[in-house]
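See below for the structure under consideration.
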Amino acid sequence: MQHRTITTAALAAVIALAVPTGAWASSPGGHHAPPTRTTVSYTASDAVIPNPSRGFDHTTETHFRADGTGYTPLDAATLRGYRAEGVTQIVRVFYMEAFVDQRRLSPAWLRLVQRDYDTARAAGVGVITRFAYVQGGAWPYTAPYGDADLPTVLAHIEQLTPTLRRNADVIPTLQEGFIGLWGEGYYTDHFASDPANPGVLTEADKEARRQVVQAELAALPSSRSIQVRTMQMKQDALRTTSGTAGALTPQQAHDGSAASRIGHHNDCFLASPDDFGTFLSDPLSLDQDYLAAESRYVPVGGETCAVNTPRSEYPSASAEMAKYHYSYLNLDYNKDVLASWGDAGMTDAAKKLGYRFTMTSSTVTSGKHASVSVSVRNDGWAAPYNPRPVQLVLTNGHRRVTVPVRADASSWQPGTTATVTASLARVPSGRWHVALALPAPERSIAADPDFAIQTANVGTWDARTGVNDLDQVVSVRR
């Protein structure tokens, strides 16, 4: 139940000192109407909120072999089923076996990829994307591994650029991919001078990898990022050091630089002290501090890999997901690790992965200088890593006015409360019902409620329009 407070006389007394007599619009009865201020407090919800670009994901893969077989398209009913269980995104690995030795991608395959994005968009599901050429077989893995060389990779990225840009609305982030088994950048024939010893890279190897990163960043709109498999991969790409000294700074965050557009995916989270080669610095704490600092601003996700008690149990796992600002985690692997978290742990993670915005209160000021302010607390482990506009939506019967707020919800860091305020100076006179909207910025999905952010409050979400009802009415007078 919302709590309402109305303050009139005190506000009128203060404003009367600065405003000449007659400055207020006259009421229908001919009297000057002073402004009124109304504050509503909101009740936090305990539910799991299915919001875009956060939470548990399902991981899928498809293939395109030399004979044209292996492609399994995304299924609309399956994706809608994922949304029904609260999953709003998938990781999709496109294996490109047919193209490992040829630089031209077939139009038929590109059409299949486009169709998958179209299916996902219609189902309201995001697609964290990775392209790769080959999977690993039975361990131990030995060269030759079967991935493509640098000229082929760069040619493929260039040909994929129109598809990536056309579908960036449903690609929350692009995993670097392309290099090595599974596209994880390790077991590779062409990006390590000695494929039998892929952990040792020459400067030429690093430069080749740097070209792949640069090509991917250029292929994507500036609003989108890529993810690399280890901290060292980003450090090598940017020629920076580990530790907090090399990490992305608050001043760089969201400035469009390469540093601001490279995040991380850990596909062996919790498995060992170094997460099976994810943390490579000496001491490990340098990479860990590096990730803790910059993960406030870039996408971090992945999957658990192996049972490793007590670290893989939920008390430790949740502390690390908070420290490293995890936005997503694979629901399908490792199931033994996830089972050890129990229902309570899994529910807690489903709530806190990524952002969790909770409205605490709003205040509307009616009158000639009408305005609305809203306070929102982030109870999740991360901020949104892509731009997210903030709007007020005012309705009066069939009339609807959208008021942009000078704020970006990607700056709302975990554990903080943001208060945003907007003037209604350009809103026509009348009594307006007020809602907070956090829509997708892309025009293609801006009106789709599945891609809007729902706050974690009781009784405020309008699923039909994708806005958060403030339970407030503001009177605008001219």
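Quick notes on this one:
- Surface exposure of the chain, expressed per residue as accessible area with a 1.4 Å probe, stands at 42 Å².
- Surface share of carbon and sulfur [accessible, 1.4 angstrom probe, percent] for the chain: 54
- Relative to the current alpha-carbon distance between T395 and R443, full extension at 0.36 nm per residue lengthens the span by 15.2 nm.
- S429-A463 FRET efficiency (beta carbon distance; Förster radius 25 Å; 0.05 resolution): 0.25
- The residues packed around V458, meaning those with a beta-carbon under 13 Å from its beta-carbon, carry a net charge of -3 if Lys and Arg are +1 and Asp and Glu are -1.
- DSSP beta bridge pairing in the chain, given as percent antiparallel to the nearest 5: 65
- In Å², nearest 10: area of V403 left accessible to a 1.4 Å probe: 20
- Cα-only Debye scattering, segment 39-142: base-10 log of I(q)/I(0) at q = 0.16, 0.20, 0.21 Å⁻¹: -0.78, -1.03, -1.09
- Sequence-distant contacts, meaning Cα pairs under 8 Å at least 6 residues apart, place the relative contact order of segment 336-478 at 25 percent.
- Taking Lys and Arg as +1 and Asp and Glu as -1, the other residues whose beta-carbon sits under 14 Å from that of Q159 total +3.
- For the pair Q102 and S285, a Förster radius of 56 Å applied to the C-beta separation gives a FRET efficiency near 0.80, rounded to the nearest 0.05.
- Counting Lys and Arg as +1 and Asp and Glu as -1 over every other residue whose Cβ lies under 13 Å from the Cβ of T417, the net charge comes to +1.
- The distance between label points at T72 and D274 comes to 3.4 nm (points 7 Å beyond Cα on the Cα→Cβ vector).
- In summary, the chain shows an alpha-carbon radius of gyration equal to 1.10 times the 2.2 N^0.38 Å reference for compact globular proteins.
The values are calculated or read from the model by the stated rules, or taken from the named source; none is laboratory data. Predicted model only: the values in this text are computed from it and were never measured. Please note: Cβ atoms are built from the backbone with ideal geometry, for glycine as well, and neighbour counts cover all protein chains shown. Areas reflect the complete protein model, heavy atoms only, side chains present, ligands, DNA and RNA absent. Shrake-Rupley method; radii C 1.70, N 1.55, O 1.52, S 1.80 Å.
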